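What follows is calculated from the coordinates using simple rules that are stated; it is not laboratory data. Note that the structure is a prediction, hence the values are computed from the model and not measured. Glycine gets a Cβ as well: all are built from the backbone with ideal geometry, and neighbour counts include every protein chain shown.
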Amino acid sequence: MTAPWEEKDDMNLSKVIKKAKRKTLIRNTLISLAAAVIVWFGGILGNAHLTSWLAMRGLDEEKMMMELSSPNLYELRTELDLGFLSGKVEIETYKVVEGVPVVWDTKQLGFSMSSRFALLGSGYSSIHVPDPIMKSQNYEYYRTYNSQSGQREMLFYVPGVNYNGKVLNDLPLLGQMEPGKLVEMAVSFDKSYTQAEVEAMLPEGLSQRWYWVDTYDNKKKLEFITNDSSTEKYALPESARRVYGYGWRWEELFAPKPEDFLQTLEYGLQMKGKHYREFERISNYLKQDKAAPEASDVQLLGVVVTGTAKELQSLSGKSYVNAAVLGAVVDKY
């Protein structure tokens with residue numbers, strides 16, 4: 001039997017042990033909570049930093065592509081919606097027709113870790129409206145309109161490519177408009193020209209807003225349409241969303257030149273993002289067997305011009321005009 005003084009010591013020791021256990025439990029709990037809070041905040045900050053980096057890297061690449069492939073189109077606003085290692089980007093754009101802005105469309109994209117740090121397009125659909133004249137002449141395609149502004153979208157025709165005789169010429173429509181209407185028009189040439197040649201041969205008074213560059217390494221691949229009446233293959237015109245070139249930037253401080261196109265192309269190559277293979281294809285086509293493409297390698301297949309309906313009628317009868325397709329048409333006031 002334990003002596004009284006020994007029993008008292010045992011009770012005191014038991015209390016001390018229990019108190020120490022409680023302190024240890026409280027301390028461990030506080031440390032775990034603190035660690036969890038630190039990890040949580042660290043995770044939030046880390047996710048925000050990485051997601052922002054993903055967004056900006058992909059957005060920079062997308063802007064490089066927009067600079068190369070958006071005829072007379074400018075960025076109005078960009079909005080980011082960031083999530084956990086993923087997010088969405090919304091880019092609003094507009095056109096300029098003789099100083100008058102025209103709201104164009106909203107491009108929505110998504111990005112994530114699995115997208116190789118690049119933006120992924122959500123797609124876009126134009127409005128296709130049957131044209132009575134085109135229908136009567138058995139055109140295999142419709143005229144397209146912008147889904148947000150309702151304005152005509154431009155089309156482009158590669159010289160030397162078979163279009164089965166179905167090439168649009170909207171120049172006669174200019175005479176049906178009020179002379180002061182402000183007009184955007186895509187002019188496709190009969191062959192390739194340099195920028196200096198284009199500037200010299202186009203009528204004075206027309207604003208040359210954007211130059212269409214020859215990036216077609218295999219023009220025969222464009223001819224893929226067949227019908228029952230002929231075995232000969234032919235092509236459909238190029239959408240304004242599938243052509244490459246360069247033009248005035250929104251600040252309009254410096255006149256556009258071929259070096260602008262090559263510089264943007266080089267930036268795109270350096271980013272090594274989702275458009276890298278397309279940038280590389282264009283660069284290889286332009287430079288051929290040289291180390292890098294030069295300004296003289298930039299040949300133009302067409303131009304986007306703006307002016308009044310009366311001024312654009314000066315293009316009628318010009319031998320270098322293979323096709324002329326209306327874009328946006330607005331009032332001056």
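In table form, for the structure just shown:
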| read-out | value |
| --- | --- |
| Between region 129-205 and region 301-333, the alpha-carbon center distance in angstrom | 8 Å |
| Percentage relative contact order, the chain, counting C-alpha pairs under 8 Å, at least six apart | 24 percent |
| Residue exposure sequence - Thr24, Thr106 - by fewest surrounding Cβ within 10 Å | Thr24, Thr106 |
| Inter-probe distance in nm under a simple model that places probes 7 Å from Cα toward Cβ, at Tyr267 and Glu252 | 2.1 nm |
| Volume per residue that the Cα convex hull of region 292-333 spans, once the total is divided by residue count, Å³ | 125 Å³ |
| Other-chain or far-sequence residues with amide H under 5 Å of Ser192's (modelled H) | none |
| Equivalent ellipsoid, region 125-330 (semi-axes from 5 times Cα gyration tensor eigenvalues, Å) | 28, 23, 16 |
| Listed peptides 187-200, 246-259 by packing density, highest first (mean Cβ within 10 Å) | 187-200, 246-259 |
| Cβ-placed point charges (K, R +1; D, E -1), dipole of region 125-330 about Cα centre in debye, nearest 20 | 500 debye |
| Interchain or long-range residues, amide H under 5 Å from Arg143's placed H | Val129, Asp131 |
| Cut-off under 5 Å, modelled amide H: who pairs with Val97 long-range | Val102 |
| Karplus-derived 3J(HN,Hα), 6.51/-1.76/1.60, for each residue of region 303-319, Hz, glycine and proline x | 8, 9, 10, 10, x, 7, 4, 5, 5, 6, 5, 5, 7, 4, x, 6, 5 |
| Virtual spin-label span in nm between Arg22 and Ala34, 7 Å along Cα→Cβ | 2.1 nm |
| Summed residue charge, Cβ within 14 Å of Leu315's Cβ, Lys/Arg positive, Asp/Glu negative | -3 |
| Residue-by-residue Karplus 3J(HN,Hα) for region 327-332, coefficients 6.51, -1.76, 1.60, Hz, glycine and proline x | x, 6, 10, 9, 8, 5 |
| Residues Asp217, Asp228, Asp260, Asp60 arranged by fewest to most Cβ contacts within 10 Å | Asp228, Asp217, Asp60, Asp260 |
| Residue pairs, from the table Lys220/Lys290; Lys181/Lys310; Lys166/Lys233, whose Cα atoms sit over 19 Å apart | Lys220/Lys290 |
| Karplus-derived 3J(HN,Hα), 6.51/-1.76/1.60, for each residue of region 284-299, Hz, glycine and proline x | 4, 5, 6, 7, 6, 9, 8, 5, 7, x, 10, 4, 5, 7, 7, 9 |
| Chain lengthening between Ser136 and Met56 when straightened (0.36 nm per residue, less Cα-Cα) | 23.9 nm |
